[in-house]
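Only one structure is covered here, and it is reproduced in the block below.
The values are calculated or read from the model by the stated rules, or taken from the named source; none is laboratory data. This is a predicted model, so every value here is computed, not measured. Cβ coordinates were reconstructed from backbone atoms using ideal geometry, including for glycine residues, and neighbour counts include every protein chain displayed.
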């Protein structure tokens, strides 16, 4: 075995370090300076006191854990993880602020046109198919070139939905169970909690009014119905009460009519049904002037009665009845001032269990005494039951 002892080894010219073109093998802990060329194998620990530098590294083949104490920089080629995942225990996973939609900085491995980009400060975009579909920034959420499809849930809106290109047009939620439509920054239509329709705000009109068109350049409005038609104002079915009342009548209508069918008095005995009027809000109980006639069913006889009475009798003089069908009409006087008494008239027909009535009459009072209500009851304090009552108003022209 040969041995070389030397204080210094140089190249043959004595100008630099020696070359080891076939490599060098060092056994044991050794400190080397300027070992160049070839492949060098160390069979034990290598300690480098300074900085390890290199010209080029094609591959680093490592089995086990790699620890980069001050960060890991990849300048080309990228990082390809074929198994496992990337676990960031502290700090952040960062990407550049690239706004690209054709190849977003964070993309699907198999589809580089789908992913996440960062179009600006405080902004994040979701990209699909090479175009941004969703933008989230400090202002809110913007959907680009698509629609919002919510399956199995609700979209919650605090106040209103506004048109993007015209902020004066919106759908608003002004109160509970109510929504409104605005154009030109003004409310045009409102649907209330009971289904009522409001025009230009909470303007629901009054009972009996109709929605009238304003033409092609004006908004519709509530207006009284045109004249000559009977409008159904209210109805009562199977009342079973001591009185059936219709109140709140006004001169807004030319006349009122009550139609009744299959109405009974709640007793096994034959009993009359009567009608009374409210005048200026007070029930009138006397001084009617009756002009009526009746035909008794089966007997063929005709009778009549008149004079003052305390009600409008709907079964004929002295005849009780059950099963009332008919109608009474009450013309409404429009004149409310005058020096003499005014007549509040009524007329109608009634077919009961045992009689047919032709009814007419009036009550005389001051011009200012107006019909304000109609009441049906039994003079024997039995309930009015079964059947239906319908109140109609004749609209004025």
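Things worth noting here:
- Of the residues making up region 366-381, those that are crowded, with 17+ Cβ neighbours inside 10 Å and either in a loop (DSSP other than H, G, I, E, B) or more than 51 Å from the chain's Cα centre (by Cα) (or both) are 369, 370, 378.
- Scanning region 383-397 for residues that are modelled with pLDDT of 90 or more and in a loop (DSSP other than H, G, I, E, B) yields 383, 386, 387.
- Among residues of region 164-190 being over 17 Å from the mean Cα position of the chain (by Cα) and over 19 Å from residue 220 (Cβ atoms), the one that is modelled with the lowest pLDDT is 164.
- Unmet requirement for residue 148, which otherwise passes all of (1) free of Cβ contacts under 8 Å to residues at least 12 places away in the same chain; (2) outside the structural domain of residue 205 (by TED's automatic domain parsing); (3) not in a loop (DSSP other than H, G, I, E, B): (3)
- Among the residues of region 237-270, the ones that are surrounded by fewer than 19 Cβ atoms within 10 Å (Cβ to Cβ), more than 42 Å from the chain's Cα centre (by Cα) and on the phi < 0 side of the Ramachandran plot come to 6 in all.
- Pick from region 272-288, criterion farther than 14 Å from residue 243 by Cβ and part of a strand (DSSP E or B), ranking: modelled with the lowest pLDDT: 288
- Checked against the criterion of being assigned to a loop (DSSP other than H, G, I, E, B) and modelled with pLDDT under 75, the candidates 91, 78, 64 yield just one match: 64.
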